[in-house]
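For reference, the structure discussed in these notes is given below.
The values are calculated or read from the model by the stated rules, or taken from the named source; none is laboratory data. Keep in mind that this is a model prediction, so the values were computed, not measured. Don't worry about glycine lacking a Cβ; one is built from the backbone with ideal geometry, like all the others, and counts go over all protein chains shown. Quick note on the areas: whole protein, heavy atoms, side chains included, nothing else; ligands and nucleic acids left out. Shrake-Rupley method; radii C 1.70, N 1.55, O 1.52, S 1.80 Å.
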Amino acid sequence: MEKFQPECTRNSSCATILQQSKEIGYLSQKNPSLPSEIITEILSRLPVKSLLKFMCVSKEWLSLISSPEFIKIHLKIASNDPNFTRHRIMFTISEPRFNLKNCSLRSFLYEPSTDAVKIVYPGRNPRTFVRVVGSCNGLICIAITENDFILWNPSVRKYKKLPNVDVVMKPRLCIQYGFGFDEANEDYKVVGIFGRYENLGRYKTVVKVYSLKNDSWRRIENFKGGTPIHDMGKFVNGKLHWLASPRTVHTSSRWDIVSLDVEREIYGTVEQPNYGEADFSAVMLGVLGGCICVLCNYEKTCADVWVLKDYGVKESWTKVVSIPYIDEPGKYVSSIPLCILLNGEVLLALGSSFVVYNPKENSFRFPNISNGGKTRKGLRLMLPSLLYQHDGGSTTNIGRKLVCGLEGSSGGILAERMWWMSYLK
């Protein structure tokens, strides 16, 4: 797997890194009796950037932080944090050039203004729109073109370019994507749905699935459930979900939620809530708290957010909030519910803007990203992690693949520490 190379060209910088490495190593040896369980408990609650630095402390810490067991514990703790301390918002901007940016979700929610950081992503072309297909366990799937996919962990700067999907890109081709994790086989998969209207309005699809373990695409059964409406599948409970119109055109007032089991590669349908008698003009699919959710827009009235709290149980659909329209009801057509805070507030994306609604006070606030660009698309929540994929394709971690010389001389160990410290500066 490819990696971005760090820079360490100045003698003074390398000397500083070497001194820092020695100091950290000295401090780690002053209290050798600290139980390993306590060390694991402390380290598992630290951010990824700090853990990458602490890998340079000793071989023991490197082995601990690199172990699959520790990485899973660290990821679980971070993902279950109700305060979203580690989560980040990632989005695409298109003015003046195409770029990916991200910012801290917690800072965005609670500070008056937040700065977004431009991400130098692999395969970057400022003239080509980059789409975030999805994020899973800290890994991100991006599409540079219709046929150019990359799996990438920005936290550790590792990526893998996927082989071409080998589909003929005909005119008027509609493409939907999805990215998920096959837990049973420990395999990450990318799904591409390539559809096109043919004679008499019939919609024909070709569906292909990429397996990271096999490093190849293969065709599966054509999409079942009509015409998929939105381009990015939502991954919940081991399945990808798309809204789909059961008819041949998108003017239908009825939608289905079609699922694809990532492990078995079998289609299904998720039963929807009882919306009531009122007609809603638009619906959006999202993920809230690890559950599939639906946002329904009632024109000139409100937008309701429904959450399926117990997957597969229709009766568990719960209307968690009803949001009154602000000034332009049409804004809710493109609204995406991103998260619900502990106090019940809901963060929504309204086109390229954001709004936080407080149902208890029936009030709105508008978080600001000072340098986020005027046009933001492909909004995604992401969680930094230590995961990456090695060349063989199976799930592993950043440690042994990157580290060299640990079994050799102390000079090799110090050189590797210098590499990491320069990488993180």
Quiz item: Can you tell which of 159, 177 is at pLDDT 90 or above and touching a Pro at 6+ places or on another chain (Cβ under 6 Å)?
Solution: 159
Quiz item: What number goes with the only condition from (1) surrounded by 19 or more Cβ atoms within 10 Å (Cβ to Cβ); (2) at pLDDT 85 or above that residue 389 does not pass?
Solution: (2)
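Looking only at residues in segment 324-362 that are of a type outside the set (S, T, N, Q) and at positive phi, which one is modelled with the lowest pLDDT?
Step one: of segment 324-362, the residues of a type outside the set (S, T, N, Q) are 324-333, 336-342, 344-351, 354-357, 359-361.
Add one more test, that the residue is at positive phi, and what stays is 344, 351.
Details: 344: 88, 351: 67.
Only one residue fits best here, namely 351.
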Exercise. Taking residue 319 as the residue in question, decide whether it is surrounded by fewer than 20 Cβ atoms within 10 Å (Cβ to Cβ) and either at pLDDT 75 or above or in a strand (DSSP E or B) (or both).
Key: yes
Quiz item: Considering segment 260-292 alone, what residues qualify as being in contact (Cβ under 8 Å) with a residue 60 or more places away in the chain and in a strand (DSSP E or B)?
Solution: 260
Quiz prompt | segment 83-130, subset exposed (fewer than 15 other Cβ atoms within 10 Å of the Cβ) and within 17 Å of the chain's Cα centre (by Cα), residue modelled with the highest pLDDT | solution = 85
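Among the residues of segment 298-311, how many are under 26 Å from the mean Cα position of the chain (by Cα) and either closer than 14 Å to residue 284 by Cβ or without any contact (Cβ under 8 Å) to a residue 12 or more places away in the chain (or both)? Quick ask: steps written out before the conclusion?
Taking segment 298-311 first, the residues under 26 Å from the mean Cα position of the chain (by Cα) are 303-311.
If we keep only those that are either closer than 14 Å to residue 284 by Cβ or without any contact (Cβ under 8 Å) to a residue 12 or more places away in the chain (or both) too, we end up with 303-307, 310.
Going through segment 298-311 one residue at a time, the tally reaches 6.
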Quiz item: Within the set of pairs 6 or more residues apart or between chains, which connect a residue that is within 11 Å of residue 385 (Cα to Cα) inside segment 40-60 to a residue that is acidic (Asp, Glu) with Cβ atoms less than 8 Å apart?
Solution: none
Quiz prompt | Failed condition for residue 204, given (1) open to solvent by less than 70 Å² (accessible area, probe 1.4 Å); (2) outside any loop (DSSP other than H, G, I, E, B) | solution = (1)
Quiz item: in contact with a helix residue (DSSP H, G or I) (Cβ under 7 Å, 6 or more places away or on another chain) and open to solvent by 10 Å² or more (accessible area, probe 1.4 Å): does that describe residue 155?
Solution: yes
Quiz prompt | Number of the condition not met by residue 246 [criteria: (1) under 26 Å from residue 292 (Cβ atoms); (2) out of contact with any His (no Cβ under 9 Å at 6 or more places or on another chain); (3) open to solvent by less than 40 Å² (accessible area, probe 1.4 Å); (4) not hydrophobic (A, V, I, L, M, F, W, C)] | solution = (3)
Quiz item: Can we say residue 261 is under 22 Å from residue 286 (Cβ atoms), acidic (Asp, Glu) and surrounded by fewer than 21 Cβ atoms within 10 Å (Cβ to Cβ)?
Solution: yes
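Does segment 252-265 contain at least one residue that is within 30 Å of residue 343 (Cβ to Cβ) and at pLDDT below 90? Talk me through it step by step, then tell me what you get.
If we filter segment 252-265 for residues that are within 30 Å of residue 343 (Cβ to Cβ), which is where we start, we get 257.
Keeping just the survivors that are at pLDDT below 90 gives none.
Checking segment 252-265: not a single residue is within 30 Å of residue 343 (Cβ to Cβ) and at pLDDT below 90.
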